[in-house]
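Just so you know, all these numbers are worked out from the coordinates, no wet-lab data involved. Treat the numbers as computed from the prediction; the structure is a model and nothing was measured. Please note: Cβ atoms are built from the backbone with ideal geometry, for glycine as well, and neighbour counts cover all protein chains shown.
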Amino acid sequence: MNNQVMEYASGNEMAAIAIKQIGYDLMGYYPITPSTQIAENLDVMRANGETDMVMVAAEGEHSAAGICYGAAVAGGRVVNATSANGLLYAIEQFPVQSGTRFPMVMNVVCRTVSGPLSIKGDHSDIMYLLNSGWPILFATTVQQVYDFNIIALKLAEKVRLPVVVAYDGFFTSHQKSRCYRFDRDEEVRAYIGPKVEEYPFLDLEHPITVGSYMNEPDLINNRYQLHLAMEQVDEVLPEIFEEYEKISGRKYSKVEGFGCEEAEDILVLLGSSYDTALEAIDELRASGEKVGVATVNVLRPFPAKELVELIGNAKNIVVADRQDSYGAGGGNLSLEVRATLQRYSKNVNVKSLVYGLGGKDFFKEDVGKMLQLARNKGAFDFEYYGVTKGSLKKQDEPLFDPVTREKTKIGATKVDEEGKVVGANLNQVTAMPGRIAPGHGACPGCGIPVNLNLLLKGIEDPVVFLFQTGCAMIVTTAYPRTSFKVPYVHNLFQNGAATLSGIAEVCYRKQQKGEIPPGDIVFVMVSGDGGMDIGMGSALGTALRGHRLLIFEYDNGGYMNTGYQLSYSTPLGARSSTSHVGKNQYGKIFFHKDMPKLMAATGIPYVATVAESNPVDFIKKAAKAAHYAKTTGTAYVKAISACPLNWNDKPATERKVIEAAVNSCYFPLYEIEQGETILSYDPEKMGKKIPVVDWLSMMGRTKHLVKEEYREVVERMQQEIDIRFYELKRKSEKGV
């Protein structure tokens, strides 16, 4: 047995340690709760020089999966981590990788799949991978997360398949426990062995083609080979477990259970609930009950033979699933167990339960209740456990009085004879009723409600909102309440603009058919927290199609709703939880994205940037954007939005920080109206232009850049800002 040291750590931390010790070549990733901590911990290690693994922060999970596939094809050792809707977003890439037989490891930190949105843990995501051709190891403990990550790569390279290590989000992923790891990285690498490539892609003397087009006879043979590979997994896993036991002292098998040999009643479940059930079963057995509990450590290939040997002699079995295969009479684990027992002609009374969805707690007391239900032969065959009975009484009274067309028509916004929009002034817009209620859960000093309210001050028509996932959505719509007095819908980061375009087109059609009253409506998509990274393709497609709607981006410079990871709008050099500062790293390594310029390139009629430090300019641009959005095509407005929590500054000073961003020209204020660039505010002309380092020094996330050792980074940033600003100024002066 090799030397090991004790760690008091969470599952995500132990996954990161295993990944570091293995010595992977590349990690392609995108932040999504609750898997994000894996990349965050690895980025700390990278900053401190503990790993030289290449870490590529994709703009979305689909691209992250593509990055990993490309790296695996090239012969690298590759790892990824994701959860929930991120897994689903990337799902078309997974059969590509298994079908072409390139090994890698992916940690799936299991979380509920929306909608409605919930970030808590259940198994509704991992079950989508059952038919992907990836072997799936399921860890019930923090120790297993570490061990299975090491075992998974050995398995992957042995059978030439990508392998998943799954475990429960917020339970196994975040809860700490005592566990062991190998003292030296070399011990882990010796167990896995060197990477062997039978057909090296980068061998230019012997070129190969990967992923050919296949007709029917060839494809079925390919799938048969994939089937054989999965059978090989079934054969070699016991050997790999045995080899690992020799170096670690920890024995693993495909299934495990407690008290099952002589039990009459057995509970079968998956993941961290197994630990809770073990304690409960121990107490029940001590009181004389013939009960047991079982789980599977391998979800694919399903260990049918081993499981039936473990539980097949019971009289009553209840299978509890943390997900539902809707319409099938049980979750996927339940369906697998039932099929297994039938396959081996075991006449057992089986009940199926769905429990613990959305992270709903599972207690020791629940074990006894579930087993009691199993004994009830005349009772249910399938049921939900833990449902709270609601009221059928309809709520007749709305939370708020509706904001009607008559209430918002204050007569302050006009269109002049030349067709130019003249927006309202600050005094006039005080009469505008609020479309968003005062109650919300935003942090003190958050710029989101400020920016939203300024935007709405300039729009005199009815508004329909779509919010992408992000802080703005989370703090305003916690069920069963809402902050909105106008129609509102949420969709995920990557598809917000497309969704709103569908809403807008049907609205216009219904108006044409006379099914709803005529009149202007401004459809507004609100995006932020990196939503214009993963959602950029959808936004650009919507703009190119020219749908009449307004895209409003509050740019807070990071993925704030997942704990501030770097986004493509994060400033160069900024510290985040995936761009740490250390001896080998100075923060984010590439420039912030110029999203207004990208949107302008689509040829839409109106693009503008705004800031709360210039409220009159903000409101007038909002009025213009609304006018074009309801009459011409897509409009885009971007606001710089404060986030005191993650910018690491003081809420009371945010207006000054925003003003400094504008005066440093990091965030210039301008508009592009019908192709004409107009610089709205010139800090140089006003004698207020400041070096960008003055703005950087005001925030904890960039304060380190003031140090002499980072002067080159600041100079690069200043040069890029100047290039962008003077290009704007030149275009404005020439009227182009």
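So what's segment 230-388 giving for Cα Rg divided by 2.2 N^0.38 Å, two decimals?
Details: Rg = 15.6 Å, N = 159, 2.2 N^0.38 = 15.1 Å.
Compactness ratio reported: 1.03.
Ranked from highest to lowest mean number of other Cβ atoms within 10 Å per residue, what is the order of the peptides 208-218, 287-297? Display every interim value, and only then the final one.
Working: 208-218: 8.9, 287-297: 20.7.
Highest mean packing first, the order is 287-297, 208-218.
When 1/r is averaged over all different Cα pairs and the result inverted, which Kirkwood radius in Å belongs to segment 468-544?
13.7
So, in Å, what gap is there between the alpha-carbon centers of segment 28-96 and segment 580-607?
The two parts, judged by their Cα centres, are 20 Å apart.
Would you list which lysines come within 29 Å of Lys158, measuring only between C-alpha atoms, while excluding same-chain residues fewer than 8 positions from it?
Cα-Cα hits under 29 Å: Lys20, Lys195, Lys246, Lys251, Lys254, Lys305.
For segment 717-732, take each phi angle, set θ = phi - 60°, evaluate the Karplus expression 6.51 cos²θ - 1.76 cosθ + 1.60, and give the result in whole Hz per residue in order, putting x for glycine and proline.
Result, rounded to whole Hz: 5, 4, 4, 5, 4, 5, 4, 5, 5, 6, 5, 4, 5, 5, 5, 5.
Can you give the relative contact order of segment 510-631 as a percent, counting alpha carbon pairs under 8 Å and 6+ residues apart? Present the calculation step by step, with values, prior to reporting the outcome.
Values: 165 pairs, mean separation 27.9, N = 122.
Computed over segment 510-631, the figure is 23 percent.
Using the alpha carbons of segment 383-536, what is the convex hull volume per residue in cubic angstrom, as a whole number?
Taking the convex hull of the Cα positions in segment 383-536, it is 198 Å³ per residue.
Principal axis lengths of segment 552-633 from Cα atoms, whole Å, largest first?
Dimensions of segment 552-633 along the principal axes of its Cα atoms: 53, 27, 21 Å.
Taking the mean number of other Cβ atoms within 10 Å as a proxy for protection, how do you rank 502-514, 447-459 from highest to lowest? Spell out each step's value before the answer.
Details: 502-514: 13.8, 447-459: 23.8.
Sorting 502-514, 447-459 by mean packing, highest first, produces 447-459, 502-514.
From the residues Thr276, Tyr180, Tyr384, which one has its Cα farthest along the dipole of the chain in the positive direction, the dipole being from +1 and -1 charges on Cβ of Lys/Arg and Asp/Glu about the Cα centre?
Among Thr276, Tyr180, Tyr384, the one farthest towards the positive end of the dipole of the chain is Tyr384.
Hey, what do the phi angles of segment 453-466 turn into as Karplus ³J(HN,Hα) couplings, whole Hz, using 6.51/-1.76/1.60 and θ = phi - 60°, x for Gly and Pro?
Values, residue by residue: 5, 5, 4, 6, 4, x, 10, 8, 9, x, 10, 10, 9, 10 Hz.
Dipole of the chain, Cα-centred, from +1 at each Lys and Arg C-beta and -1 at each Asp and Glu C-beta, to the nearest 20 debye? List each step's numbers first, then the result.
Working: 78 positive and 88 negative charges, 412 e Å.
The calculation lands at about 1980 debye.
How far is the Cα center of segment 447-475 from the Cα center of segment 144-204, in Å?
Segment 447-475 and segment 144-204 have Cα centres spaced 44 Å from each other.
When only C-alpha pairs under 8 Å and at least 6 residues apart count, what is the relative contact order of segment 465-533, in percent?
After rounding, I find 49 percent.
Would you mind telling me the antiparallel percentage of the DSSP bridges in the chain, rounded to 5?
30
With the Cα gyration tensor of segment 363-411 in hand, give its eigenvalues times 5 under a square root as the equivalent ellipsoid semi-axes, listed largest first in whole angstrom.
Whole-Å semi-axes of the equivalent ellipsoid: 51, 13, 9.
Quickly rank 430-437, 141-148, 654-661 as a protection proxy: mean count of other C-beta atoms within 10 Å, highest first.
141-148, 654-661, 430-437
So for His174, His627, fewest C-beta neighbours within 10 Å to most, what's the order?
Working: His174 18, His627 27.
By the 10 Å Cβ count, ascending: His174, His627.
Please give every one of the lysines within straight-line cross-link reach of Lys407, meaning a C-alpha to C-alpha distance under 25 Å, and leave out same-chain neighbours fewer than 8 residues apart.
Partners found: Lys420, Lys457, Lys485, Lys510, Lys620, Lys621, Lys624, Lys630.
Tabulate in residue order the Karplus-calculated ³J(HN,Hα) for segment 295-300, using 6.51 cos²θ - 1.76 cosθ + 1.60 with θ = phi - 60°, rounded to whole Hz; enter x for Gly and Pro.
So the Karplus estimates, Gly and Pro as x, are 9, 10, 8, 10, 8, 9 Hz.
From the P(r) of segment 405-734, can you give the percent of Cα pairs sitting at distances over 30 Å? Each step should come with its number before you reach the end.
Working: 17190 of 54285 pairs.
Of the Cα pairs, 32 percent sit more than 30 Å apart.
Only four residue types carry charge here, +1 at the Cβ of Lys and Arg and -1 at the Cβ of Asp and Glu. Report the dipole size of segment 4-248 about the Cα centre in Debye, rounded to the nearest 20.
Result for segment 4-248 is approximately 460 debye, rounded to the nearest 20.
If you average the alpha carbon positions of segment 642-699 and of segment 714-733, how far apart do those two centres end up, in angstrom?
Taking the Cα centre of segment 714-733 as reference, the centre of segment 642-699 is 13 Å away.
Go ahead and estimate [θ] at 222 nm for the chain from helices alone: -39,500 (n - 2.57) per DSSP H run with n ≥ 4, summed, over the residue count, rounded to 500.
Helix-only estimate at 222 nm: -11000 deg cm²/dmol.
About the Cα centre, and with charges only on the beta carbon of Lys, Arg (+1) and Asp, Glu (-1), how big is the dipole of segment 376-483? Nearest 20 debye, please.
320
Over the Cα atoms of segment 4-248, what Rg and Dmax result, in angstrom?
Here Rg and the maximum Cα pair distance are 17.3, 54 Å.
Pull up all non-local amide H partners of His547: gap of 5 or more, or a different chain, and H-to-H distance under 5 Å with H placed in the peptide plane.
Result for His547 returns Thr634.
Relative contact order for the chain: what is it in percent, counting Cα pairs under 8 Å that are at least 6 residues apart?
Once normalised by length, the contact order is 10 percent.
What residues qualify as long-range amide H neighbours of Tyr180, i.e. H under 5 Å apart, gap of 5 or more or another chain, H built at 1.01 Å from N?
Glu7
Search the structure for amide H atoms under 5 Å from the amide H of Ser664, placed 1.01 Å from N in the peptide plane, and list their residues when 5 or more places away or on another chain.
Ile690
Please name whichever of Leu341, Gly359, Val255 sits farthest to the positive end of the charge dipole of segment 255-384, dipole taken about the Cα centre and charges placed at Cβ: Lys and Arg +1, Asp and Glu -1.
Value: Leu341.
Hey, any idea what the orientation-averaged projected area of the convex hull of the chain's Cα atoms comes to, in nm²?
Across all orientations, the chain yields a mean hull projection of 37.9 nm².
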